[in-house]
Amino acid sequence: MSIFDPFDIKQRVDSMMHEDTEFFPLMTPEDEEEMNKEEMPEALPILPLRNTVLFPGVVIPITVGRDKSIKLIKEAYKATKIIGVVSQKNVSIEDPTMEDLNQIGTVAYIIKTLQMPDGNTTVIIQGKKRFRMGEMIQSEPYLKANVHSFEERTIPKDKEFKALVSSLKELATQIIQNSPNLPSEAAFAIKNIESPSFLVNFISSNMNAEVPEKQALLEETDLRVRAEMVLQHLTTELQMLDLKNQIQTKVRIDLDKQQRDYFLNQQLKTIQEELGGNTPDLEVQNLKDRGLKKKWSKEIYATFEKELEKLQRMNPAAAEYSVLVNYLELLLDLPWNEFTKDNFDLKRAQKILDKDHYGLEKVKERIIEFLAVLKLKHNMKAPILCLVGPPGVGKTSLGKSIAKALGRKYVRMALGGVRDEADIRGHRKTYIGAMPGRVIQSLKKAKTSNPVFVLDEIDKVGNDHRGDPSSALLEVLDPEQNNAFYDHYVELDYDLSNIMFIATANSLSSIHPALRDRLEIIEVNGYTLQEKVQIAKNYLVPKQREAHGLKTKDVNIKTSILEKVVEEYTRESGVRGLEKKVATLVRGVAKHIALEEEHNTTLTEKDVETILGAPIFDKDLYENNDTAGVVTGLAWTQVGGDILFIETSISPGKGKLTLTGSLGDVMKESAVIALAYLRANGRKFDIDPRVFDHWDVHIHVPAGGIPKDGPSAGITMLTALTSAFTQRKVRPHLAMTGEITLRGKVLPVGGIKEKILAAKRAGIKEIIMCKQNRKDVEEIKADYISDLNFHYVTEMTEVLKLALLDDKVSDPIEVVIKEEAKKAIVEN
């Protein structure tokens, strides 16, 4: 604060220069001497002042508001215009008494009174001389007291005092010049003051000092001491002013920039308010209010408060502002400790699962087990189920049914083609465009921390230079770790242990071994003919009828027609292709209805062929022939089971083995092992071992454009070779699967159910497989395999005994083989 009050000085100077003033505003020594000679009345009306002190010779304006003071001014202005002015000891007293006033005051002359619009009266007064207050004469209607002259010492005239007076003028002038808020008239007034006493009084009156300090100056009798006291005030003020200017110089650039930003932000705020948008302050307040309603732990709330404070200090125009707002909104949108209530009605859950999915008893039983344990314990680490099976068998839709049965929200995240680890763990939030991982994003959409979470196509996850998403999924899908999942964007542990994860895959071979170890594998195999018909009848036909705007009476597809569609127009493990064919049939009926054409409501076989065209597949795929060396094998593919034919031919040569048909390394090794076993044990099957050195062998698997591999064709290769060399035909309607060793042992293989279903579709009646695969067959419903005959073996001799007929091919090639063999043996 400046030692001068600029507003007060301006008022005083203006009042001194008022055109109606009866004297020159700056008092000369002669004026002062004449004023001191004036006689002082014995008694004066006393006007209490609250916030200021009147000094002799000084003109000041005061505002009078108290009733007593107004009456005093009116009567005094009409009479002598002389009053006594005394400052109050306590400014808060509204009606002061004698004890509440200082004893030393100033005789004042009323120059002018002005009536203000607010009802108060402004009075311009000039101090004359000091007085000492005596006895109180009256208290009503205003104070009046006896007054006595105050001792006035002679003004010193030595050089030291003159230097003191000169210093006062110089310091006061410097302060006024360095303070832009002070009027230049003040410096002009100070320079033109000749009287030392008036100079001290003028500066004392205009100093921005407290009333007690000014009163002390008024009561001081020694002018030299008063001048030194004022000089001390001025020196202190000038030092403070210099220091202030230095600081202002240092920070002026920053302040200017801040002021510029402030004004621009204020303008932006006004524009946003006019447009109806949220201002930054309102946005911060909204975030804070939302945070108070969240069920957060202390750690999360502390992080939110810290980031919110950072946002309040940040310029809304900064690029980081939007990044921080997005982060805070994510914290608010995530369902921390928010759960949906599980439905523990197990009978209802069973009905929902049975209604939505035909078959799949193993999966349904596992879901009911999970619900039963959860009902008893009320809290458990959710299992990580992995449904493995060919496309179209209902793995993904099964997740929806599970969510419906549990009463939980359903979330699906497709992992096919995911190559970036950040898709799982999120990006660092230090740059624009950063996002949380898809796990956190899915929970934000679900608005609950315990949904049924389907990780679709987990076997299709890839990896490249940006990281391995499969490794990132290890923490997500580990029941021992996912209670503190760390997302790079959130930077806080999030509990995933209450989520029921369900992964789907077509094959386990491409899943990361460590990830596969964390999964509970449940096989969802293909459907039999009967199952497909029931699924089409109960699910697909009603679904497509509704999708095409038809009613039940508009189209009827009998069971026999559905069987025809399944057998002659589809060849798959699932029902996706079947659904497309059903949709085509329904569209055909819808077209007739729309065109108002005559049509059969109940479809016939002729209608099916008209709409779908000629049958695509033969009802019986098995190729029965009389050629030796051809064997039917069973194979597993990612789209389900299938049959394949292994063809073997021999020709004169040097014992060379040729393999064609786009075979993988495993199948090539199976062919080499089969030939080696047959070489070593040829005599058991009536084959001269020397024949192998003079006949080339060619093994071919048709459909060469399709890659084929897997450890399932060993016994099929050996049977085909034995059939070719012995010219014994293979038993009709027979298929086989299994691997062999050099010792002739038959090994078990996988994918049994898919292979059996493929065999049924192809019209196979008998199947040979390893004895250890009996348990896989027993898991299949007996009704599905009632028309199949299974042969379980452990040795290759058993396979050949079951597969080869005793009758040999009546073909000249047998004679040629024998004759060529004898000739080659004789020559050697």
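Every number in this text was worked out from the coordinates using simple rules, so none of it is lab data. What you see is a predicted model, and the numbers here were worked out from it, not measured in a lab. With ideal geometry, Cβ positions are generated from the backbone for all residues, glycine too; neighbour counts draw on all protein chains shown.
Quick notes on this structure:
- Unit charges on C-beta of K, R, D, E only; dipole of the chain, Debye: 3440 debye
- One decimal place: the segment residue 602-residue 248 gains 117.9 nm when fully extended, by the rule 0.36 nm per residue minus the C-alpha distance.
- Helix 576-594 vs. the chain, principal-axis angle (Cα, 0 to 90°, nearest 10): 80 degrees
- Karplus 3J(HN,Hα) series, Hz, for region 510-516 with 6.51 cos²θ - 1.76 cosθ + 1.60 (x for Gly, Pro): 9, 8, 3, x, 5, 6, 5
- Between residue 163 and residue 696, the simple label model (points 7 Å from Cα in the Cβ direction) yields a spacing of 13.1 nm.
- FRET efficiency for residue 136 and residue 115, using Cβ-Cβ distance with R0 set to 22 Å, rounded to 0.05: 0.15
- Angle between the chain longest axis and helix 319-333 axis [Cα atoms, degrees, rounded to 10]: 60 degrees
- Using C-alpha pairs below 8 Å separated by at least 6 residues, the relative contact order for region 6-219 is 27 percent.
- Residue-span extension gain [residue 346 to residue 447] - 0.36 nm each, minus C-alpha spacing: 33.8 nm
- In region 6-219, taking the dipole from charged Cβ atoms about the Cα centre, the farthest positive-side position among 127, 171, 102 is held by 171.
- Protection proxy ranking of 541-554, 723-736 - average other beta-carbon atoms within 10 Å, highest first: 723-736, 541-554
- FRET efficiency for residue 377 and residue 435, using Cβ-Cβ distance with R0 set to 45 Å, rounded to 0.05: 0.80
- Built amide H within the under 5 Å cut-off of residue 751, gap 5+: none
- The charge dipole of region 630-825, taken about its Cα centre with unit charges on the Cβ atoms of Lys, Arg (+1), Asp and Glu (-1) only, comes to about 320 debye.
- Between the listed residues 45, 192, 79, the Cα displaced farthest toward the positive end of the dipole of region 6-219, a dipole computed from Cβ unit charges relative to the Cα centre, is found at 192.
- In order along region 345-358, the phi-based Karplus estimate (6.51 cos²θ - 1.76 cosθ + 1.60, θ = phi - 60°) of 3J(HN,Hα) comes to 7, 5, 5, 5, 4, 5, 5, 5, 5, 5, 5, 7, 9, 8 Hz; Gly and Pro are listed as x.
- GluC sites (Glu not before Pro) restricted to region 427-507 and DSSP loop, no more than 15 other C-beta within 10 Å: 480, 491
- Rough spin-label spacing in nm, given labels placed 7 Å along Cα→Cβ, for residue 97 and residue 781: 11.0 nm
- Value of relative contact order over region 280-333, rounded to a whole percent, pairs C-alpha under 8 Å and six or more apart: 45 percent
- Report note on the peptides 36-49, 570-583: ranked by the mean count of other C-beta atoms within 10 Å, highest first, their order is 570-583, 36-49.
- Under the Karplus curve 6.51 cos²θ - 1.76 cosθ + 1.60, θ = phi - 60°, whole-Hz ³J(HN,Hα) for region 404-421, x wherever Gly or Pro sits: 5, 5, 7, x, 9, 6, 10, 10, 10, 10, 7, 9, x, x, 5, 10, 9, 4
- Projecting the Cα atoms of 664, 397, 91 onto the dipole axis of the chain, where Lys and Arg carry +1 and Asp and Glu carry -1 at the beta carbon, places 664 farthest toward the positive end.
- Annotation: amide H of residue 409 within the under-5 Å range of 452, sequence separation 5 or more or interchain, hydrogens built in the peptide plane.
- Summing Cβ point charges (Lys, Arg +1; Asp, Glu -1) relative to the Cα centre of region 406-514 gives a dipole of roughly 560 debye.
- Principal axis analysis of the Cα atoms in the chain yields extents of 167, 71, 54 Å, listed in decreasing size.
- Value at 222 nm in deg cm²/dmol, rounded to 500, when DSSP H runs of n ≥ 4 in the chain each add -39,500 (n - 2.57): -14000 deg cm²/dmol
- Nonlocal amide H pairs with residue 645, under 5 Å, H built at 1.01 Å: 633
- Folded to 0 to 90 degrees: helix 280-292 orientation relative to the chain principal axis, Cα: 60 degrees
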